[in-house]
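Comments concern the structure below.
What follows draws every value from the coordinates through simple rules; no lab data is involved. These numbers come from a predicted model, not from an experiment. Here Cβ is always computed from backbone atoms with ideal geometry, including for glycine, and neighbour counts include all displayed protein chains.
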Amino acid sequence: MRKGTVAAVLFCLAGPAAAIDIEPLARTCNNCHGVDGVSVGTTMPSIGGLPKDYLSRVMKEWKYDKRAAATMNRIVKGLSDDEIDALAAHFAARRWRPVAQKVAAAGLSKGRAAVRDNCADCHGATGNDPDIGTPRLDGQWADYMALELEKYRDPEFVMPHRKMNKAIRQLEAGDFRPVSDYFGAQHK
Amino acid sequence: MHRCDRRAFIRGLAVTPAALLSIAPARAAAPKARVVVVGGGYGGATAAKYLRLLDPGIEVTLIERETLYTSCPLSNEVISGERDIRTLQVGYKGLQKRGVKVLHDEVSAIDPAKKTVATAAGKTYAYDALILSPGVDFDYGAVEGMSREISDSRLPHAWKAGPQTLLLKRQLEAMPDGGVFVIAVPKGPFRCPPGPYERAAQVAMHCKQHGKHKAKVLILDANDSFSKKPLFEQAWKSLYGYGEGGMIEWVSGANDGKVERVDPASLTCYTGFGEHRGDVVNVIPPHHAGKVARDLGLATFKNLWCEVRPENMESTSQKDIYVIGDACVGGELATNNAFPKSAHMAISQAKAAVAALVARFNGLPAPEPVYTNTCYSVVGHDWGFSVVHLYRVDNGQWVYVKRGSGISPVTLGSKPVPRLYRRLEAQYADGWLRNVLADAFA
């Protein structure tokens, strides 16, 4: 059997996303989200290994103006729903790789407490045990997460997730950085 | 439905563990193909990296003069003092680790018939495909009184990041309160369409922070409009004052903004009818495809830019030579939606060329390319915005996908955009920079 055939067969077993040739499009995501969806920029999220449902849902919410975003909502509007699903499957199939990052040690115990009370139910106590369709947060970039929390706090910024909107009301603005740092620090 | 066709294999190349792929090159001593890449900026580095990433059986040689690359994107922040130039710099070790042969040398001749590249050091390299990513060269003669020497010493363009960026930074620092910082913008298309206007904002920010409240930033423009104009004007107005009595003033081409002559001794710019003396004069001369591409006769578009095929970035006039980055022209020209000359675009073009080449060397049909652009401008502390572009290829032509393109909102309904939008995009600009540098060079 020729090696090329081996690769092709292996790939075709990988999943339904194989119906679309998504690789060239997926490679354009690398520019901002890193190869295999592992970001090296602190304000850009890693997306490799996040749940397919989550990735696909968020992209569609942007596409159909159900969720606010500064940049991504414009980008995804040029993609078909099938492409969005295939991209979600592509990045969901990567390995989640928590990124090592420096965070302020001072706020970690405050962060741990706030996470336990407000975030752990859905994301897991260290962000590595999320509910189905919920993103992992262990070793996600703290800077990115702090910015996301600000989106939820800003009433003019439309964020549709009911549970998150509810959880955010329990948090004080002073908790955002410690919570983000706490999850960011869970990269070991 | 699953389709196990040949196209699936090419997808497989990218997702299959390297161990499986490495079987192919091990079987034969000779490489599957030899690709020479000329120019180690964003475009060339990405091309070299992704060739090795998608098919380690391909031998890749990158020829680049410099040993250290300095990113043009976000280099306006170096001029204002917001950013250390070292955060924009990267070497070529990452590419070497991927098996790219990196040569710090200069191309002296290319023979498209024999398919060879000769270098100043006297070496010759044969290629199956040649990727040119030479960037731009400046036409100093287009502005009377300008020369390369004047640019290096007194009237820097700082349109290639490096020593001139630092020279312009020093000039700005030395500029007194009440001084005038002139930016002369050439007729488009030019590298980094929003760059001059972001620079104006960064210079104004520097002046404001350093108590130079009477300073002026005068943009003398050969054009009548510019990239992200409503966003820049909104920010200039709110942050620095714009127009009459403001810190920033823009003179369009129609209003005699085109600089035709300079007097370096008195730091004076002459337009058709007027003269403007500056304390710092930043003349960006018109530019064109880098010499190496132009000398080959590839700059078929107005004798300035290289025309390429939409499906794979191959030159329309020379087989097996691919031109990517600022040197090429593409996109939907008829509707004035050409490819912007940006780093992100160069990366995108590199990936399209590579995908086509990898398919070709493996005897497979080329995948359909997608070209994307994301370009952030940072105009103040926590004030940024962007433009995104999407192009697809249909019937052998580029199609600008308007629905997947456009600038950040200026207003939301009747209200100004919440400030958070600007803050987010200023923050994203840095994340973008880290990731594009890694995508190309790591």
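Worth a mention:
- The alpha carbon gyration tensor of chain A gives principal lengths a ≥ b ≥ c with a/c of 1.5 or higher and a/b greater than b/c, which makes the shape prolate.
- The mean sequence separation of alpha-carbon pairs under 8 Å and at least six residues apart, normalised by the residue count of the range B:144-285, gives a relative contact order of 33 percent.
- Three-way shape label, the range B:188-283, alpha-carbon gyration tensor, a/c 1.5: oblate
- For B:Ala126 and B:Asp256, the FRET efficiency from 1/(1 + (r/R0)^6), where r spans their Cβ atoms and R0 equals 45 Å, is about 0.25.
- Of all DSSP beta bridges in the range B:144-285, antiparallel share, percent nearest 5: 25 percent
- Dipole of chain A [Lys/Arg +1, Asp/Glu -1 at C-beta], most positive-end residue of A:Pro45, A:Tyr182, A:Leu171: A:Tyr182
- Share antiparallel - DSSP beta bridges, chain B, percent rounded to 5: 55 percent
- Bridges between two residues of the protein assembly as shown, per DSSP, are antiparallel at a rate of about 55%.
- Cβ-defined net charge surrounding B:Thr271, 15 Å radius [Lys, Arg +1; Asp, Glu -1]: -4
- When the Gaussian network model of chain B links Cα atoms closer than 10 Å, the mean-square fluctuations of B:Glu244, B:Glu311, B:Glu149 top out at B:Glu244.
- Counting only alpha carbon atoms, the long axis of helix A:3-12 and the longest principal axis of chain A meet at about 50°.
- Proximal aspartates and glutamates relative to B:Lys229, as straight alpha-carbon distance under 16 Å, when same-chain residues fewer than 8 apart are discounted: B:Glu198, B:Asp221, B:Glu249
- Annotation: chain B has a Kirkwood hydrodynamic radius of 22.8 angstrom, from the mean reciprocal C-alpha pair distance.
- Straight Cα distances below 14 angstrom link B:Lys341 to the aspartates and glutamates B:Asp137, B:Glu307, B:Asp326, B:Glu332, with same-chain residues fewer than 8 positions distant left out.
- Relative to the longest principal axis of the Cα atoms of chain A, the long axis of helix A:52-63 lies at roughly 80 degrees.
- In this label model, B:Lys302 and B:Glu173 are separated by 3.8 nm, measuring between points 7 Å along each Cα→Cβ vector.
- Each Cα pair under 8 Å and six or more residues apart adds its sequence gap; the mean of these over the residue count of chain B is a relative contact order of 17 percent.
- Label zone (B:Phe273, point 7 Å along Cα-to-C-beta; backbone nitrogen cut-off 13 Å) within the range B:205-219: none.
- Note, ³J(HN,Hα) from phi for the range A:108-125, Karplus 6.51, -1.76, 1.60, rounded to Hz, x at Gly and Pro: 5, 6, 4, x, 4, 5, 5, 5, 4, 7, 10, 10, 4, 3, 9, 9, x, 4
- Entries in B:Lys93/B:Lys228; B:Lys49/B:Lys258; A:Lys52/A:Lys188 that, when Cα-Cα distance is taken, lie over 29 Å: B:Lys93/B:Lys228; B:Lys49/B:Lys258
- Cα gyration tensor shape of the protein assembly as shown, rounded if a/c is under 1.5, else prolate or oblate by comparing a/b with b/c: oblate
- Under the simplified labelling scheme, the B:Asn336-B:Lys214 pair shows an inter-label distance of 4.0 nm, with each label point 7 Å from Cα along Cα→Cβ.
- Comparing A:Tyr144, A:Tyr64, A:Tyr152 in a Gaussian network model of chain A where C-alpha atoms under 10 Å apart are linked, the largest mean-square fluctuation is found at A:Tyr64.
- Relative contact order computed over the range A:105-184 (Cα-Cα under 8 Å; 6+ residues apart), in percent: 45 percent
- Residues whose placed amide H lies under 5 Å from that of B:Val38, excluding near-sequence neighbours: B:Ile63, B:Ile131, B:Leu132, B:Ser133
- Span-rule helices in chain B, defined as complete DSSP H runs reaching 30 Å or more along the axis (Cα) with Kyte mean at least -1.0: B:419-441
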